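First comes the structure, then the notes that go with it.
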Amino acid sequence: MMSARIALFTLLALCCSVRTAFAQGTCLPTDTACLVRTAQLTVLATITGTNLNETGTAANSTNYNATVTLQCGYYSSDAAAVALLKPRLNSAVGANVPVTVTGWGKPNPGCANNLGAEAVVGSTKVLFVYVTVGTDAASIVPTLAVFDICQGGVDPTTQVLTTIAQLQQQNPANVINVGTNCTLPVLPSTTTARTTATSTVSPGSATGGASSSVRNSIAVVLLGSIAVLFAMFA
């Protein structure tokens, strides 16, 4: 009887954990698409310095600022703010002036597993940031802050740049094209992509459909097992 109760509680816990796993909506460090869709700005920048070891500052390895030069502006999660943000980025990119990005630190006390956002001087990264100062006049170079304190930036690999290009294609109102030499990988047109998908994907074989089937199967098995255990107590 005791083992049956333990099994029942285990199944209930598993059922809840499965639901939680599928409901998880936060961005994982490797989920570039989520970071681009969620951050106020996605830009390409070269890190030129930090305020670590500067006299008169309280900066330390878990909380410091970095100086960057912006090369490209790609995307904003806030379509309504694109018209406001674009000239601010232009003022920084066009003049090649240093821009402060706050919120760096590794390890960060707010991140698990000693993760954090590390600014490596000399590196060029795709950064996910938001504006903290400089939204009141086009001539003001903005001050930015790291959006994901447990990630910082990512290398501008072909995969990352392709992801940005796909989101630009899907959401043209969110595009911020700022900078030169900022060409993203060329994608097939939306019409071509739709035609290809229709001709090659059979009904029920899409990822979403498979995921839904898996969830339903898990739910049926768990609920059936729970029903059997409840019957044992009747």
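The values are calculated or read from the model by the stated rules, or taken from the named source; none is laboratory data. All values reported here derive from a predicted model rather than from experimental measurement. Heads up, the Cβs are rebuilt from the backbone with ideal geometry, glycines too, and the neighbour counts pull from every protein chain shown. The protein model used for the area step is the full one, side chains on, heavy atoms only, and it has no ligands, DNA or RNA in it. Shrake-Rupley method; radii C 1.70, N 1.55, O 1.52, S 1.80 Å.
In the range 93-115, which residues are open to solvent by less than 10 Å² (accessible area, probe 1.4 Å) and either more than 20 Å from Pro156 (Cα to Cα) or under 17 Å from the mean Cα position of the chain (by Cα) (or both)?
Residues satisfying the conditions are Trp104, Gly105.
Residue check, Val82 against (1) surrounded by fewer than 20 Cβ atoms within 10 Å (Cβ to Cβ); (2) modelled with pLDDT under 95; (3) over 20 Å from the mean Cα position of the chain (by Cα), all met but one. Which one?
Checking Val82 against (1) surrounded by fewer than 20 Cβ atoms within 10 Å (Cβ to Cβ); (2) modelled with pLDDT under 95; (3) over 20 Å from the mean Cα position of the chain (by Cα), the one that fails is (3).
I'd like the residue in the range 142-176 that is in contact with a Gly (Cβ under 7 Å, 6 or more places away or on another chain) and either of a type outside the set (A, V, I, L, M) or open to solvent by 50 Å² or more (accessible area, probe 1.4 Å) (or both) and, out of all such residues, is nearest to Lys86 (Cα to Cα).
Ranking the qualifying residues of the range 142-176, first place goes to Pro142.
Looking only at the range 63-77, which residues are touching a residue at least 40 places away in the same chain (Cβ under 8 Å) and open to solvent by 20 Å² or more (accessible area, probe 1.4 Å)?
Asn63, Gln71, Ser77
One residue is enough: does the range 160-171 have a residue meeting the conditions in contact with a strand residue (DSSP E or B) (Cβ under 8 Å, 6 or more places away or on another chain) and at pLDDT below 85?
No; the residues of the range 160-171 include none that is in contact with a strand residue (DSSP E or B) (Cβ under 8 Å, 6 or more places away or on another chain) and at pLDDT below 85.
On the given criteria, is Leu70 over 22 Å from Val160 (Cα atoms) and of a type outside the set (S, T, N, Q)?
Considered against the rule, which asks whether it is over 22 Å from Val160 (Cα atoms) and of a type outside the set (S, T, N, Q), Leu70 comes out as no.
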